[in-house]
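> Mind looking over this structure? Questions follow.
The values are calculated or read from the model by the stated rules, or taken from the named source; none is laboratory data. This structure is a prediction, so every number in the text was calculated from the model and none was measured. Neighbour counts are summed over all protein chains in view; Cβ atoms, including those assigned to glycine, are modelled from backbone coordinates with ideal geometry. When the accessible area is computed, the model is the full protein with side chains, heavy atoms only, and any ligands, DNA or RNA have been set aside. Shrake-Rupley method; radii C 1.70, N 1.55, O 1.52, S 1.80 Å.
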Amino acid sequence: MTAPVTVSVTRHVDPTRTTEMLAWVQAGTTLAERFDGFLGSGWVRPSVDSSDWHMLYRFADSESLAAWEASPQRAWWLEAAHGSVEEKRRERRTGIEGWFDEPTTVEALSAAPVPPPRWKQMVVIFMVFLPLSLTANFVASRVIPDWPLVPRVVLVTTVMTPLMTYVFLPWMTRRMSWWLHRR
């Protein structure tokens, strides 16, 4: 099972070519939208006059991202900005990394999916958390029944957190997407 992958690229852009850069970024988004698994893109600048552009794009999984990154369309798009754009840094993030670092300004180039209502998110989390918690606590009560409460809870939480984050919650979210995104 693979999680969605977000790529963050910091590029130095010639400040005199902002208009061309906007068109170039939009062209890249338009091309990427045609690839399976594309979830969206956008860019962030620290200020209006900054020459650093932080570009983000997200794919449903590593395979979809690899198809985009190896495509002749992407190669053509990158070549189109040769000499005007210099890549300074690239990062890949999966899972929930970055959820807690909200940028102050984001200029989206493609519509980001509308998140489901919080109450629906809560229901899906509960559907995963309750059986996992019951199972983990049942196993702990059989395997380590004599442990004091705090170490037992720490162990159960340490095991449950990655299982929730990387396995069961993404699985359940995909299974329930028909309901989560229905308006």
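> Restricting attention to segment 1-21, which residues are part of a strand (DSSP E or B) and of a type in the set (Gly, Ala, Ser)?
Ser8 - this is the single residue of segment 1-21 that is part of a strand (DSSP E or B) and of a type in the set (Gly, Ala, Ser).
> Continuing with the same structure: Trp24 passes all but one of (1) part of a helix (DSSP H, G or I); (2) open to solvent by 60 Å² or more (accessible area, probe 1.4 Å); (3) of a type in the set (A, V, I, L, M, F, W, C); which number fails?
So Trp24 meets the others, but not (2).
> Right, another one. Quick check: anything in segment 69-85 surrounded by 16 or more Cβ atoms within 10 Å (Cβ to Cβ), within 30 Å of Thr173 (Cα to Cα) and either among the hydroxyl-bearing types (Ser, Thr, Tyr) or in contact with a Ser or Thr (Cβ under 9 Å, 6 or more places away or on another chain) (or both)?
No - not one qualifying residue is present in segment 69-85.
> Continuing with this model, one more query. Inspect all residues belonging to segment 35-44 and state whether any of them is at pLDDT 85 or above and either part of a helix (DSSP H, G or I) or surrounded by fewer than 15 Cβ atoms within 10 Å (Cβ to Cβ) (or both). Even if it seems obvious, please write down each step before you answer.
Restricting attention to segment 35-44, the residues satisfying the condition of being at pLDDT 85 or above are 35-41.
Remaining after also requiring either part of a helix (DSSP H, G or I) or surrounded by fewer than 15 Cβ atoms within 10 Å (Cβ to Cβ) (or both): 36.
Within segment 35-44, one or more residues are at pLDDT 85 or above and either part of a helix (DSSP H, G or I) or surrounded by fewer than 15 Cβ atoms within 10 Å (Cβ to Cβ) (or both).
> For a quick check of your reading of the model, give me the residue pairs whose first member lies in segment 18-33 and is closer than 18 Å to His82 by Cβ, whose second is in a helix (DSSP H, G or I) and open to solvent by 40 Å² or more (accessible area, probe 1.4 Å), with beta-carbon atoms closer than 7 Å and at least 6 apart or on different chains.
Here the result reads Trp24/Ala80; Leu31/Gln73, each pair linking segment 18-33 to a residue that is in a helix (DSSP H, G or I) and open to solvent by 40 Å² or more (accessible area, probe 1.4 Å).
> Take Thr104 and decide whether it is among the β-branched types (Val, Ile, Thr), open to solvent by 90 Å² or more (accessible area, probe 1.4 Å) and modelled with pLDDT under 75. Break it down into steps so the answer makes sense when it comes.
On the way: among the β-branched types (Val, Ile, Thr): yes; open to solvent by 90 Å² or more (accessible area, probe 1.4 Å): yes; modelled with pLDDT under 75: yes.
Considered against the rule, which asks whether it is among the β-branched types (Val, Ile, Thr), open to solvent by 90 Å² or more (accessible area, probe 1.4 Å) and modelled with pLDDT under 75, Thr104 comes out as yes.
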